[in-house]
Each structure stands twice: as C-alpha cells, then as structure tokens.
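Below is one structure, written out as structure tokens, with a few remarks after it.
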Amino acid sequence: MARIRSIHPGLTSDEAYMSMSMTAKAAWTPLWMQCDDHGIFEWKPIVLKALIFPADNVDFAAILSEFERLGCVRKIDIGGRPHGVVRNFAKYQRPKNPSYRHFKADELPADVGSYIAVKGAAPPSLPQSSPSPTENPPQMEEEGGKMEEEGEEVSRSVAVATRPSADAFEEFWKAYPRREGPNPRKPAEQKFNALAKTGVDPAMMIAAVKRMAAEQARDIGTRFIPQAITWLNQQRWTDHAAVAFAASTPDKLAIEDAVSIFAKTGQWSRHAPVADISQAPAELLAKHGLSPEGRRVQ
C-alpha cells in the first residue's frame, strides 16, 4: 500500500538528483511512496512501472539501474528475492505510526540501518583522548539536500591517530576517476584525513577507489561518477573495499575482510559472501572486538 511521504525543500539542489535523467527525477519521489517505512521496496520493475508510470512507455529497470549507479538506491536480498533500499530514507521520512513490511524495528540489519540513516545506527565513536583539532565543513546529503549540522558523527572525528601523510591523499586523488562537472579537492582531502584519524586505513580507501574506477570504467568522464567528497561522506568506498583487499590478499577470506571493514566503519559491504554482519562467524567477530550482533565490545 502506497504511503504519503515528505519532500525536503533542498531536494532539487542535491547532487545526485541533479545528475538524474528527467525520467528518473519523475520516478524518484513516487518510488518512496512504494516503500515501507524503512525505505525498502520490492525490486519488481514491471510492477513499479505499472504503479508509478501506468500510462507511459518507460523502462523502469533502466531507471532502477540509474538510481543504483548514482548511489541513491542499494539492491539487497531478502528471503531470496531482490529488494531495493533508499539511502537516508529514515533521516527525512518520520511517520507517526511507522509500518514495516520486511523487518521489525529491532530486527533491521546493521548495514541497512546505517544506509537509511536510522538514528543510532551510525558506527560507534572511538574513545576520545582530546577534542578534534579540525572540523569538516557541512556537506550535502542525498534524499533531501539537507546540510549536516555540526555535532553529527562525521564531524565528531577525534585525533586518535597521527595525521596521514600528504602522499596518501595524493595517491587517492590520482586514482579517483575523472567526472563530468566539478570535483573540489579541498573538502575531499579534509574528509579523507578525518576518516584516517578515526582509524580507517588510508590504504583501504585507496584500494577501494581503484576498484571503483575499474568497476565503473564505462562511466568515467560522466555524471555517474560522484564527487570525491560525496563518495567519502556516504562511505561508498566500503562497497569496494572488501573486494579490493580480497583481490590483493588472496590468502584471506572475503568474509574476514568484510568483518574488518565493518569493525572500523560500521558498514557491511554488499560484496561480502553473507547478507549481513549477524551471519559472520562468532569467532571472527570476537577477533575484531564485535559481539554476535555486530556491536562493539567495550
């Protein structure tokens, strides 16, 4: 059953929205109405076309693929069937009487919770030894274009490691694929350094961006390559990191790479061999300081 949804006034100035084709823009907000209150919908292009564009000759499978390339939607498996999840859905859609079709509120997988921005689903903060000496400028978020306020998790990075060398970001920047439109360097460098300070391995981000460039080779030079700051802010690099590291270290299992990345970022890679962190071996979770539910053990 379709639901009433809210539209943030900053939607039209959002980078991903501006990169959409006109048909995709027309389908974007009506797609929210076909989601449950976790932002999850069944990946049925024919059915969605009939619900959203009943009188138009459009290829809805191509529209879903466009959303996926732009990072607005993630395709997941639920009960052996394909479903889609809308990024940051819970950040802007807050119904008084929520209705969940696929997962109960307390059973939502950690990676899905992080993707839709459920409050409290962000990766746990590391122990603070001193206030962060730098603050990141507010960045645009998808699904509404709302500026992040100071004090959110991304801006609360603490200096728990030394500042990464300039060479690390320089390697990242050279590996980042060319795109159509602006791609400001300074905010990307600030974000890269902030992630490194929270414990994210710069080598992992570099390997991930190289993997992304290889996977999206046909999109290089187009609007489908996101700005580097967007790619870092939305932690899209976690989608490529496990695959990149598994390819470079074949003696390690992909599941261990995925757990290691989750322990550092709170994000479960869609390239992992299991659907979510709860399906990872308990001994592997314990090795990385995680409980069987994927929570950080104090």
Any residue at all in segment 80-92 that's under 22 Å from residue 275 (Cα atoms), among the aliphatic types (A, V, I, L, M), out of contact with any His (no Cβ under 8 Å at 6 or more places or on another chain) and not in a helix (DSSP H, G or I)? yes
Would you confirm, using the coordinates I've provided, whether residue 108 is at pLDDT 90 or above, surrounded by 16 or more Cβ atoms within 10 Å (Cβ to Cβ) and either among the aliphatic types (A, V, I, L, M) or assigned by TED's automatic domain parsing to the domain that holds residue 263 (or both)? no
Within segment 102-118, how many residues turn out to be in a loop (DSSP other than H, G, I, E, B) and out of contact with any strand residue (DSSP E or B) (no Cβ under 7 Å at 6 or more places or on another chain)? 6
Answer from 90, 121 - the residue that is modelled with pLDDT of 85 or more, under 26 Å from residue 9 (Cβ atoms) and under 18 Å from the mean Cα position of the chain (by Cα): 90
Residue list for segment 211-249, restricted to those being on the phi > 0 side of the Ramachandran plot and modelled with pLDDT of 85 or more: 221
Of those in segment 61-79 that are part of a strand (DSSP E or B) and of a type outside the set (A, V, I, L, M, F, W, C), the residue farthest from residue 179 (Cα to Cα) is 77
Can you pull out the residues in segment 252-298 that are at pLDDT 70 or above, assigned to a loop (DSSP other than H, G, I, E, B) and out of contact with any Ser or Thr (no Cβ under 9 Å at 6 or more places or on another chain)? 273, 274, 275, 276, 280, 281, 289, 291, 295
Out of the residues in segment 155-204 that are part of a helix (DSSP H, G or I) and of a type in the set (S, T, N, Q), which is modelled with the lowest pLDDT? 155
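The values are calculated or read from the model by the stated rules, or taken from the named source; none is laboratory data. Keep in mind that this is a model prediction, so the values were computed, not measured. Please note: Cβ atoms are built from the backbone with ideal geometry, for glycine as well, and neighbour counts cover all protein chains shown.
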